[in-house]
Amino acid sequence: MKRILTIAALVLCSTMAFSQQVASRAKAMRMMNFGREEYMIKDIKVYTDTMTVYSLSNYVIYPFGEWESMEQYITDNQLHWYRESGYRSYFDSMEVSVNRMKRLDDSYLDMFYSIWTRKVELLGGRINDPEIVLANGIHVGMSKDEVFHVFFKKYPKSYTSDVAVLKVISGAGEVAEIYTFKGTRLRHVKIETAYNYY
């Protein structure tokens with residue numbers, strides 16, 4: 001009798017897990033229909049409390065806009081940054097100058113000037129300060145609905161109610177913007193890159 005109950009419990013658990021996967025995939029497919037054209041959303045995955053959006057838009061690679069120098073970015077946003085300069089290895093054979101732009105609340109951006117793109121490239125960062133605004137208008141403290149409306153024209157509110165983390169990833173996976181919510185508010189934004197720096 002115990003063996004039958006154990007087998008029944010295992011079958012029930014695996015069936016529930018499969019149905020949750022199907023429901024998550026159906027939710028993701030429906031959300032793709034609501035994506036804004038400028039973000040060129042190619043796929044969405046939903047796993048527990050995380051929604052991952054894959055976008056071909058150039059915005060994901062340049063969340064603060066495209067700049068020809070760090071001074072240009074600093075002057076334009078008119079925020080006070082503390083700047084630290086250093087070097088990082090690139091492909092084990094080159095040293096590249098990387099600037100860490102810091103704020104008093106531990107917000108920071110790691111940037112470097114690329115001789116190939118002739119633009120300031122972002123290596124990573126974390127934003128806690130509501131005064132730092134991304135190129136698309138997102139800033140810490142916004143409501144979850146406001147953030148989702150940047151990427152989607154409309155959507156059923158029930159689809160995002162359980163989402164605590166929204167990841168927006170570039171098409172090749174080299175840049176990820178991670179929006180973390182606490183309740184219904186955006187708590188912080190993290191930017192990660194897979195560039196070959198150590």
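The values are calculated or read from the model by the stated rules, or taken from the named source; none is laboratory data. Here the structure is a predicted model, which means the values were calculated and not measured. Don't worry about glycine lacking a Cβ; one is built from the backbone with ideal geometry, like all the others, and counts go over all protein chains shown. Please note that ligands, DNA and RNA were not included when accessible areas were found on the heavy atoms of the full protein model with its side chains. Shrake-Rupley method; radii C 1.70, N 1.55, O 1.52, S 1.80 Å.
I'm trying to understand the selection: among the residues of the range 51-87, which are part of a strand (DSSP E or B), of a type in the set (Gly, Ala, Ser) and without any contact (Cβ under 8 Å) to a residue 60 or more places away in the chain?
Of everything in the range 51-87, those that are part of a strand (DSSP E or B), of a type in the set (Gly, Ala, Ser) and without any contact (Cβ under 8 Å) to a residue 60 or more places away in the chain turn out to be SER85, GLY86.
Count, please, the residues in the range 151-163 that happen to be under 29 Å from TRP81 (Cβ atoms) and surrounded by fewer than 18 Cβ atoms within 10 Å (Cβ to Cβ).
Going through the range 151-163 one residue at a time, the tally reaches 0.
Could you list, in sequence order, all residues of the range 164-182 that are of a type in the set (S, T, N, Q) and either open to solvent by 20 Å² or more (accessible area, probe 1.4 Å) or modelled with pLDDT of 95 or more (or both)?
Scanning the range 164-182 gives a single hit, THR180.
Can you find even one residue in the range 51-68 that is surrounded by 11 or more Cβ atoms within 10 Å (Cβ to Cβ), among the aliphatic types (A, V, I, L, M) and at pLDDT below 85?
No; the residues of the range 51-68 include none that is surrounded by 11 or more Cβ atoms within 10 Å (Cβ to Cβ), among the aliphatic types (A, V, I, L, M) and at pLDDT below 85.
So ARG3 passes all but one of these: (1) open to solvent by 100 Å² or more (accessible area, probe 1.4 Å); (2) at pLDDT 85 or above. Which condition number does it fail?
Going through the list (1) open to solvent by 100 Å² or more (accessible area, probe 1.4 Å); (2) at pLDDT 85 or above, ARG3 breaks only (2).
Does TYR113 fit the bill of being surrounded by 17 or more Cβ atoms within 10 Å (Cβ to Cβ) and either aliphatic (A, V, I, L, M) or over 15 Å from PRO63 (Cα atoms) (or both)?
Here the answer is yes, as TYR113 does meet what is asked.
Any idea which residue in the range 128-141 is surrounded by the fewest Cβ atoms within 10 Å (Cβ to Cβ), counting only those that are under 22 Å from ASN58 (Cβ atoms) and among the hydrophobic types (A, V, I, L, M, F, W, C)?
ALA135
Conditions: (1) out of contact with any Leu (no Cβ under 8 Å at 6 or more places or on another chain); (2) buried (at least 16 other Cβ atoms within 10 Å of the Cβ); (3) modelled with pLDDT under 90. SER107 meets all but one. Number of the miss?
Single failed check for SER107: (3).
Output the number of residues of the range 18-50 satisfying the condition of being part of a helix (DSSP H, G or I) and either open to solvent by 50 Å² or more (accessible area, probe 1.4 Å) or at pLDDT 70 or above (or both).
The number of residues fulfilling the criteria is 18.
If we scan the range 117-127, do we find a residue that is farther than 30 Å from MET29 by Cβ, open to solvent by 40 Å² or more (accessible area, probe 1.4 Å), of a type outside the set (Phe, Trp, Tyr) and within 15 Å of the chain's Cα centre (by Cα)?
yes
Counting only residues that are polar (S, T, N, Q) and in contact with a Phe, Trp or Tyr (Cβ under 6 Å, 6 or more places away or on another chain), how many does the range 43-67 have?
Total satisfying the criteria: 2.
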